[in-house]
Every structure is written in structure tokens, then in C-alpha cells.
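**Q** What follows is a structure written as C-alpha cells; I'll ask about it next.
The values are calculated or read from the model by the stated rules, or taken from the named source; none is laboratory data. Model, not experiment: these values are computed from the prediction. Here the Cβ positions follow ideal geometry from the backbone for every residue, glycine too, while neighbour counts run over all protein chains shown. Ligands, DNA and RNA are stripped out before the accessible areas are found, and what is left, the full protein with its side chains, is counted by its heavy atoms. Shrake-Rupley method; radii C 1.70, N 1.55, O 1.52, S 1.80 Å.
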Amino acid sequence: MIWIVMGILAVVAVVLLVLPVVRRSGQAAGGGLAVYRDQLTELEAESAAGLIDGEAAATAKREIERRILAEADRTGSAKNRLVVSSFWPLTLASLLVVGLGGWIYTEIGSPGLGDLPLSSRSDVAQTEDDSELAPLILRAEGRVGDNPFDLEGWVLLANTYAFANRYDDAARAMAEAVALDMNVAANLSRYGEFVTLSRGGVVTPAARIAFAQAQNLDSSEPIARYYEGVARAQDGDVAGALVVWRALMAKSSADAPWLEQLGRHITEAEAQIGALTLASEPEGLSGPTEEDIAAAAEMAPDAQLEMIRSMVDGLAERLEDEPDNLEGWSRLAQSYGVLGQWQASRDAYDHALTLAPDDLGLLDGFANSVAGFAMESGMVPDQSLADMERVLLVLPQNEQGLYITGLAAAQAGDRGLARERWTLLRDLFPAGSPEYGQADLLINSLQ
């Protein structure tokens with residue numbers, strides 16, 4: 001049906017294009033007859049007024065009439081020729097344009113593409129969301145425009161942007177709220193969440209810093225704890241993510257809005273618990289059997305966590321007799337990190353680095369464990385500061401090292417060193433990115 005309608009419209013378009021040109025051609029062909037008729041009328045008027053004698057008038061009249069007859073014959077044939085010569089070329093040219101357009105569309109267009117559901121039209125959905133929320137967004141923007149120190153106004157604007165799926169804008173607005181008061185755990189968590197959503201669900205370094213700061217202020221902050229589990233899962237620590245999510249589930253109220261999604265994540269993590277199988281065990285070290293894994297999946301959260309801890313403790317005991325087993329010590333360090341035992345993880349990485357001092361992957365894991373321990377401690381311990389300086393000697397652009405050493409300097413009152421380290425951290429990211437903005441907030445907080 002759509003092709004029939006398009007064909008009819010094409011024909012109508014061709015006719016509308018051709019008719020005016022043909023009509024003008026016919027009119028132009030009959031222009032000579034009008035001139036002779038005017039001459040005849042003028043001759044009769046002059047004869048009636050006595051300006052010309054009768055015989056001369058009759059002679060002139062016969063000549064004009066003869067010319068009219070000759071012109072009429074010539075005009076008829078010329079008109080037909082003009083119509084024919086104008087009609088067909090124009091018609092063929094118009095049809096060629098229509099046909100060529102249709103051919104190009106079938107070659108590079110999508111004539112067979114069906115209707116898309118609204119949920120698939122992301123740009124359209126975005127436009128509609130923006131149009132519906134536009135008055136609220138304008139009102140919120142106007143509020144902070146009038147008073148840029150309005151903390152609640154920035155929070156309102158950030159949440160409104162988030163409702164419109166404008167997560168980059170939401171992150172920037174919430175960053176302003178965090179800059180006004182860096183001691184509100186909920187705002188830090190929402191900032192980290194908006195950064196994560198703006199990056200397609202990836203928990204970036206900037207988001208991780210925000211979540212860690214939020215949990216330092218309030219260890220029960222649910223958004224920060226949820227995304228801590230997401231970050232662990234993205235790092236491949238599925239068991240660690242499961243521990244975090246189960247603990248959050250146990251402490252959540254029955255009407256908590258995140259329970260359904262949290263439950264899905266826990267189910268998926270349980271299905272992936274096979275990461276603890278023999279396939280990932282160091283050579284020569286025994287691990288849980290498939291039956292053990294299956295049994296663990298059916299255990300209560302506390303019992304499952306205890307089983308994981310017992311396996312890690314067993315691995316640590318066996319490695320006491322194998323101090324040169326690099327793979328084993330690396331695995332132990334990772335396992336302690338999964339359990340959030342940062343000091344034990346740091347010590348295991350330290351031992352592994354004595355076996356492979358040039359292994360940059362181990363050094364990066366060491367930095368992560370040191371950062372975890374430092375963030376839990378509140379004030380950066382002297383040992384953690386020394387560890388991070390050691391990391392920066394080899395990896396001068398290590399994000400965790402720059403952040404923790406800058407934090408230690410700020411806590412000690414050395415604003416110059418803190419500014420130097422956090423400026424280096426900020427410059428690792430492109431200007432305008434959430435990570436850049438978060439580091440910039442740290443620098444501005446020194447004022």
C-alpha cells in the first residue's frame with residue numbers, strides 16, 4: 001500500500017511540474033494573432049474617423065486579414081510542436097528524478113525497516129523526557145543561577161537531570177553540591193552513581209573515590225555499598241561482590257526500593273561462584289570441589305562467608321610451607337582483597353613482590369590494598385603513606401597512589417603537596433570528564 005501511495009504522489013508531482021510550462025508555451029505561441037487583431041481594430045477606428053480613405057482602408061484590411069489567416073495556420077502547428085516538444089522532455093526528466101530518488105533510497109536507505117518500539121528510540125525518548133521535564137529543569141537551573149551557593153538547589157537540579165537521563169549533567173550538578181559540603185554521604189553516593197550511569201554502568205575511579213568517601217562518613221550508606229559490590233564484580237571479584245551484596249540485603253528494610261535489583265545481582269553472583277573452583281587454584285594446591293561449590297550456593301549468607309574465609313585461611317597455611325610459590329601468594333593477596341581484609345592483602349602482595357619485584361600487575365594490586373586499608377582507617381597511616389610513595393617511584397601515574405598521598409598531605413596540613421598530587425591526578429583525565437571534575441573538587445577543597 002505504501003508503494004502505491006508513493007507512486008500516485010510521484011505522478012501528481014510530475015503533472016504539477018509539467019503543466020505550467022506547457023501552458024506558458026501555448027500562450028507564447030499565440031502572441032502574433034493578438035498583434036494583428038489589434039492592428040485591425042486600429043485600422044477600423046482610423047477609417048471611421050476619416051483619417052484614411054475607403055480604398056486604402058479596404059486594401060490594408062485585406063492584407064491584415066490575409067496575415068491573420070496565415071498566422072492562424074502557422075500558430076496552430078507551432079503550438080502543437082511547442083506542446084509536444086515541452087511536454088515529453090519535461091515529463092521524462094521529472095520521471096527520471098523520481099525514479100533516481102527511489103533507486104538511491106533502496107540502495108542506501110532502509111525501505112524494509114519496520115516501526116521501532118518507543119523504548120528503542122533512545123533519541124526520541126530523550127527528547128520527550130527533556131520536553132516533559134523542561135519546565136522543572138529551567139526552574140531548578142534558575143534557582144542555582146540566582147544563588148550558586150544553594151546546596152539544596154544543586155541537589156534538586158542533579159536529581160532532575162537524572163530523571164531526564166542526562167547523567168553527565170546530573171554528575172556535574174551533584175559535584176557542585178559536594179563542593180559546597182563534602183560531609184554529606186548521600187550526596188557523595190549520588191554523585192558516584194551519576195558518574196557510573198554516565199559511563200554506561202562502569203564504576204570509574206572517580207566514582208569509586210566518591211563511594212569510599214561516602215562509606216567513611218556513613219558505613220551503612222546503601223548506594224555506596226551497592227556500587228562497591230558492582231565495582232568488585234567488574235574487577236572479577238565475584239565472591240567479594242556477593243559478600244558485599246548479601247550484607248546489604250541482610251541490613252535492608254523489607255520495603256527498600258533496591259531489593260529486587262539487589263536480589264538479581266546476588267543470584268547472578270551465586271551462579272558465577274565457580275570462580276572459586278580448581279581452575280583458578282595455584283598448581284599443587286587443593287581447593288573446593290564442584291560439590292563444595294554447589295553446597296556453598298545453598299548456604300545462608302553467614303555460613304557461605306565463613307566457608308570462603310576457611311578456604312582462604314587454608315590457602316594461607318599451606319603457603320607458609322611454600323614461600324616461593326609466586327602464583328599462590330598472588331592468589332592469596334587477591335582472596336584477602338575479596339574479603340576486604342586489606343592489611344592481610346597488602347602483606348600478601350608485599351611478599352609476592354619480593355618474588356617478582358618488576359611485576360607491575362602485583363604492584364598495582366598492592367596499591368589497591370594499601371588504598372583500601374587507608375580509606376578504612378580514616379586518617380592515612382604512616383605505613384600506608386610510605387607504601388604509596390614506594391608505588392609512585394615505579395608507577396608515577398598510579399591513581400590510588402596520587403590520591404592517598406595527596407589525602408595524607410591534606411590531613412597533615414601540607415596543602416602545597418596535596419595540591420601537587422591531586423593536580424597530577426586530575427591531569428590524568430580529559431577536561432570535562434567526571435574524574436577530572438572530582439579531582440578538581442579535591443583541589444578546591446584545599447581552599
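**Q** May I ask you to rank Met375, Met182, Met174 by accessible area, largest first, using a 1.4 Å probe over the protein chains only?
**A** Descending order: Met182, Met375, Met174.
**Q** Rolling a 1.4 Å sphere over the protein heavy atoms, what is the accessible area per residue of segment 394-433, to the nearest Å²?
**A** Accessible area per residue, segment 394-433: 48 Å².
**Q** Still on this structure, I have one more. Which trypsin sites (Lys or Arg not before Pro) in segment 370-444 sit in a loop by DSSP (not H, G, I, E or B) and have at most 13 other Cβ atoms within 10 Å of their own Cβ?
**A** Hits after loop and neighbour filter: nothing returned.
**Q** For segment 397-402, just list the computed ³J(HN,Hα) in residue order, Karplus coefficients 6.51, -1.76 and 1.60, θ = phi - 60°, integers in Hz, with x standing in for Gly and Pro.
**A** The phi angles translate into 10, 5, 5, 5, x, 5 Hz.
**Q** Determine how many Å³ per residue the convex hull of the Cα atoms of segment 324-447 encloses.
**A** 102
**Q** Calculate I(q)/I(0) for segment 163-227 by the Debye formula, one identical point scatterer on each C-alpha and no solvent, and give its log10 at q = 0.18, 0.25 Å⁻¹ to two decimals.
**A** -0.54, -1.01
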